[in-house]
Amino acid sequence: MNPITEEMQQIASELLTAQEVKCVLGWEKGTLWYQSAPAFIFSPDEASRLVWDEFCLPNLSSYLLDDRYSQDRVAIFVKGCDSRGIVRLLSDQQLSRQRVYLIGVPCPGMKDPAAALGQKPGDTSDLPVASKCRHCTHRNPVLYDRLLGQPVPEVEPSGERFAHVDEIEKMGIEDRYAFWEKQFARCIRCFACRNVCPACNCTYCCFDLDEPRWLDKEVAPSQNAFYALTRAFHVAGRCVECGECERVCPMGIPIMALNRKIIKDINELFGDYEAGLETSEQPPLGRYNPDDPDNFA
Amino acid sequence: MYVLDKSQLPSFLEAMAAGRTVFVPAEAGGMTRFVPWQAGIQLYWEENPVISPKELFFPQTQVLYGYRTLGQQLEILSRDEGNSPRVIFGLRPCDAAATGIMDDVFLTKGYEDSLYRSRRQNTLLVVLACRRPGPACFCTSFGLDPTRADNADLMLYDLGAEWGLEAVSPAGQDLLAKPAGPVERQAAAPEFAGDFPLEIKVDHLPSGLRPMFRHQVWDIMYQKCLGCGTCTYLCPVCHCFDIQSHNRGVQGYRYRCWDSCMFSDYTLMAGGANPRPTKKERVRNRFLHKLQFMPERYGKFGCVGCGRCVLKCPVNLDITQVANRLAEVVANA
Ligand code: SF4
Ligand code: SF4
Ligand code: SF4
Ligand code: SF4
Ligand code: SF4
């Protein structure tokens with residue numbers, strides 16, 4: 001057994017036995033060998049379900065919003081990106097720090113389950129890195145109560161992070177419009193991208209509002225664009241780049257290109273900034289500075 | 001059986017498309033789905049398309065009628081789309097079975113949905129016999145045969161270099177009579193090979209589920225659900241819809257659109273009451289609807305084992321795991 005898996009199971013079992021937490025959130029093996037799914041562990045004897053492997057992609061942090069008013073303490077395993085999701089919830093005041101026991105897991109980068117689809121279980125070393133991990137800047141958890149294993153070396157951010165954005169920026173305005181229209185034409189408005197997102201943490205989402213109905217339930221280019229752009233702007237400056245929105249999208253829409261465009265613009269306008277690193281952070285679009293640039297050209 | 005050299009498929013489809021729209025599986029706009037055939041289109045045969053053919057009978061958004069007001073006058077603008085003849089070419093047996101279930105839902109039990117009927121009644125089904133199970137298939141769990149469909153007009157067989165075609169209905173026979181038609185010859189339908197990766201044990205379903213509505217097993221099954229619409233929107237059997245209006249100034253239109261029992265506002269009442277307040281009740285509804293309520297009402301499960309939800313649920317809340325867990329609880333009760 002993977003030593004981290006072993007440690008995970010042991011910690012979970014201890015925390016639950018000592019009744020320090022009501023539940024432990026981690027991952028367990030799913031139906032197919034390349035699926036590792038979120039696991040909610042409530043009793044010590046279930047702890048043996050927990051695993052740590054190269055398919056633990058899901059970011060579990062947004063589950064904490066389901067019981068955001070609960071007083072129950074929960075333990076949660078966090079990779080680098082997941083820990084930034086937690087920071088997001090903490091700095092947006094959707095979670096109190098005492099409610100969570102954070103067990104950090106340094107992450108070597110997950111593997112792409114799509115590449116394993118239809119393949120026999122086996123050696124995963126040839127599988128490509130998961131798309132959401134490709135441009136990761138924080139593999140080590142940024143916030144934790146306890147760390148498992150050894151920190152992994154961080155990868156120097158390469159120019160690749162904004163490569164797709166650069167490519168789209170180079171298109172003419174009409175091509176760019178056509179590009180995004182085509183991408184979002186296949187959006188089925190399942191809301192998976194919103195529901196999984198730790199930055200989408202409003203108690204009541206504007207897209208669910210019936211009266212007034214800001215977003216028509218009709219799936220049409222105008223409504224899909226309105227949904228996509230509004231969501232992108234609502235998480236602007238707060239998106240922690242966990243890549244979950246794009247991972248969960250059943251239609252394979254390149255949502256991260258939209259998020260990274262905004263991140264890139266923020267970097268250029270307000271100086272380099274990464275969201276979800278400090279619980280006391282004030283996102284660049286959430287504070288006012290008299291010398292903020294105001295060139296909207 | 002009739003056979004057709006694969007290189008002749010375009011001309012066969014072209015002849016079929018005269019006076020009809022022929023929908024074929026293809027990669028379109030970054031997704032796989034059924035799209036109108038046209039010359040030069042690349043057909044997609046590898047797996048079952050991600051978007052099921054249900055959208056051809058039951059589109060995600062369908063305008064019912066338009067309206068305009070002029071002072072005190074109201075004008076209703078019809079948006080009837082008519083019912084031109086169509087063929088769906090190359091859907092799989094699971095999706096054909098799902099179409100049969102949709103027919104039950106929309107056309108039986110005393111109410112006929114005219115919108116559904118107008119799209120369904122002139123549509124012929126050319127069903128592709130599967131040769132192997134896909135990565136998450138379990139159609140056989142529901143007694144379906146992956147190489148046949150009772151409601152097919154024509155069965156399509158992959159014979160390697162050729163397509164095999166076998167008429168099941170008189171209308172299917174007519175499709176074969178086209179000038180560019182295939183030739184009749186002795187040929188055997190290909191063998192189905194490979195083990196099904198997944199299985200649901202249906203022995204205790206649906207009757208065993210009847211006393212399970214309040215069972216504690218539901219308390220441990222829903223947590224990981226994100227409450228998204230992926231599973232229900234991709235499911236070829238899910239058929240829930242909402243009716244809404246798009247109002248702009250003095251005009252607008254009324255439309256129906258897919259809805260999902262996994263959404264929080266699905267059962268939201270005026271005044272804010274919600275009989276399915278949490279994910280637990282919603283997850284329970286989805287599975288009981290498929291495994292108990294549908295069989296009770298229609299004598300058929302609300303799942304055909306196509307595996308789309310298994311492959312696409314972002315958190316692997318898998319119907320086979322849920323159903324087998326329920327079966328276990330029922331068996332031990
Ligand atoms: S917008 Fe996407 S990448 Fe950003 S925090 Fe939300 S889920 Fe993560
Ligand atoms: S996850 Fe994809 S398909 Fe679903 S609402 Fe978001 S963009 Fe649309
Ligand atoms: S079961 Fe999966 S696909 Fe269905 S609503 Fe829940 S998370 Fe979404
Ligand atoms: S419930 Fe899932 S497997 Fe069953 S028919 Fe629907 S999408 Fe296919
Ligand atoms: S579920 Fe059965 S019929 Fe459908 S694609 Fe798979 S093998 Fe074919």
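Taking amide H atoms as placed 1.01 Å from N in the peptide plane, the amide H of B:CYS137 lies under 5 Å from those of B:LEU198, each 5 or more residues away in sequence or on another chain.
Ranked from largest to smallest solvent-accessible area, with a 1.4 Å probe on the protein heavy atoms, A:PHE233, B:PHE57 come out as A:PHE233, B:PHE57.
The C-alpha atoms of chain A define a longest principal axis, and helix A:173-185 lies at about 40 degrees to it. Solvent-accessible surface (1.4 Å probe) assigned to B:CYS306 amounts to roughly 20 Å².
Extension gain for B:ALA333 to B:TYR67 (0.36 nm times residue separation, less C-alpha to C-alpha distance): 90.1 nm. Report summary: the helix-based calculation at 222 nm, which adds -39500 (n - 2.57) for every DSSP H run with n ≥ 4 and divides by the residues of chain B, gives -6500 deg cm²/dmol. Rounded to the nearest whole Hz, the Karplus-based 3J(HN,Hα) values (6.51 cos²θ - 1.76 cosθ + 1.60, θ = phi - 60°) of the stretch A:140-146 follow the sequence 8, x, 8, 8, 6, 9, 7, with x at glycine and proline.
Please label the shape of the stretch B:20-85 as rounded, prolate or oblate, based on the square roots a ≥ b ≥ c of the eigenvalues of the alpha-carbon gyration tensor (a/c under 1.5 means rounded; beyond that, a/b larger than b/c means prolate, else oblate). Prolate.
A:THR279 contributes an accessible area of around 70 Å² to the protein surface, as traced by a 1.4 Å probe with all chains present. Under a 5 Å amide H cut-off, with hydrogens placed 1.01 Å from N, A:CYS23 pairs with A:ALA75 among residues at least 5 apart or on other chains. Couplings 3J(HN,Hα) for the stretch B:30-40, derived from phi with the Karplus relation 6.51 cos²θ - 1.76 cosθ + 1.60 (θ = phi - 60°), are x, 9, 9, 6, 8, 10, x, 5, 8, 3, x Hz, where x marks Gly and Pro.
For the stretch A:160-286, a crude dipole built from +1 on the beta carbon of Lys and Arg and -1 on the beta carbon of Asp and Glu, taken about the Cα centre, is about 360 debye to the nearest 20. Here the simple spin-label model places points 7 Å from the Cα toward Cβ, and for A:SER222 and B:ALA270 these points are separated by 2.7 nm.
Starting from the Kirkwood radius over alpha-carbon pairs of chain A, derive D by Stokes-Einstein at 25 °C in a medium of 0.890 mPa s and give it in µm² s⁻¹. It diffuses with D of about 120 µm²/s by this estimate.
Cross-link reach is defined here as a Cα-Cα straight distance under 18 Å, omitting same-chain residues fewer than 8 places apart; for B:LYS178 the lysines meeting it are B:LYS6.
For the protein assembly as shown, the antiparallel share of DSSP beta bridges with both residues in that region comes to about 70%. With Cα atoms as the point set, the stretch A:25-142 shows a radius of gyration and Dmax of 15.0, 44 Å.
If the reach is capped at under 18 angstrom between alpha carbons, list the aspartates and glutamates near A:LYS170, excluding any in the same chain fewer than eight residues apart. In chain and number order, the partners are A:GLU160, A:GLU181, A:ASP265, A:GLU268. Put simply, the amide H of B:VAL35, placed in the peptide plane, has neighbours under 5 Å in B:VAL24, B:ALA26, leaving out anything fewer than 5 places away on its chain. Note that the stretch B:198-206 has calculated 3J(HN,Hα) couplings of 10, 8, 10, 8, 9, 3, 8, 9, x Hz, one per residue in order, obtained from phi through the Karplus relation 6.51 cos²θ - 1.76 cosθ + 1.60 (θ = phi - 60°); glycine and proline are x.
Computed over the stretch A:160-286, relative contact order equals 28 percent, with contacts defined as Cα pairs under 8 Å that lie 6+ residues apart. Legend: translational diffusion of chain B by Stokes-Einstein, Rh = Kirkwood radius over C-alpha pairs, 4 °C, 1.567 mPa s; D = 60 µm²/s.
Across all C-alpha atoms in the stretch B:181-232, the radius of gyration and Dmax reach 21.3, 60 Å.
In the neighborhood of A:THR5, defined by Cβ-to-Cβ distances under 11 Å, what is the net charge if each Lys or Arg adds +1 and each Asp or Glu adds -1? Residues close to A:THR5 contribute a combined charge of -2. In this simple spin-label approximation, B:ALA188 and A:HIS164 carry label points 7 Å from Cα along the Cα→Cβ vector, and these lie 4.8 nm apart. Placing +1 on each Lys and Arg Cβ and -1 on each Asp and Glu Cβ, with no other charges, gives the protein assembly as shown a dipole about its Cα centre of roughly 1400 debye. In this assembly, the B-A interface accounts for approximately 3100 Å² of buried accessible surface in total, computed with a 1.4 Å probe and without ligands, DNA or RNA. Sorting the segments B:7-19, A:2-14 by their residues' average number of neighbouring beta-carbon atoms within 10 angstrom, most packed first, yields A:2-14, B:7-19.
The overall shape of the stretch B:60-167 is prolate: from the C-alpha gyration tensor, with semi-axes ordered a ≥ b ≥ c, the ratio a/c is 1.5 or greater and a/b exceeds b/c.
Shielding value for A:112-120 is 2, the average number of Cβ atoms from other chains within 10 Å of each residue's Cβ. Accessible area per residue was computed with a 1.4 Å probe on protein heavy atoms; B:LEU77 scores about 50 Å².
Mean residue ellipticity at 222 nm, helices only, chain A: -9000 deg cm²/dmol; runs of at least 4 DSSP H residues each add -39,500 (n - 2.57), and the sum is divided by the number of residues. If you take the square roots of the eigenvalues of the alpha-carbon gyration tensor of the protein assembly as shown and sort them as a ≥ b ≥ c, do you get rounded (a/c under 1.5), prolate (a/b over b/c) or oblate? Since a/c reaches 1.5 and a/b is larger than b/c, the shape of the protein assembly as shown is classed as prolate.
In summary, the lysines within cross-link reach of A:LYS132, defined as a Cα separation below 19 angstrom excluding same-chain residues under 8 places away, comprise A:LYS79, A:LYS111, A:LYS261, A:LYS264, B:LYS312.
The values are calculated or read from the model by the stated rules, or taken from the named source; none is laboratory data. Everything numeric here is computed off the predicted structure, so don't read it as measured data. Every residue, glycine among them, receives a Cβ derived from its backbone with ideal geometry; neighbour counts consider all protein chains shown. Ligands, DNA and RNA are excluded from the accessible area calculation, which covers all protein heavy atoms including side chains. Shrake-Rupley method; radii C 1.70, N 1.55, O 1.52, S 1.80 Å.
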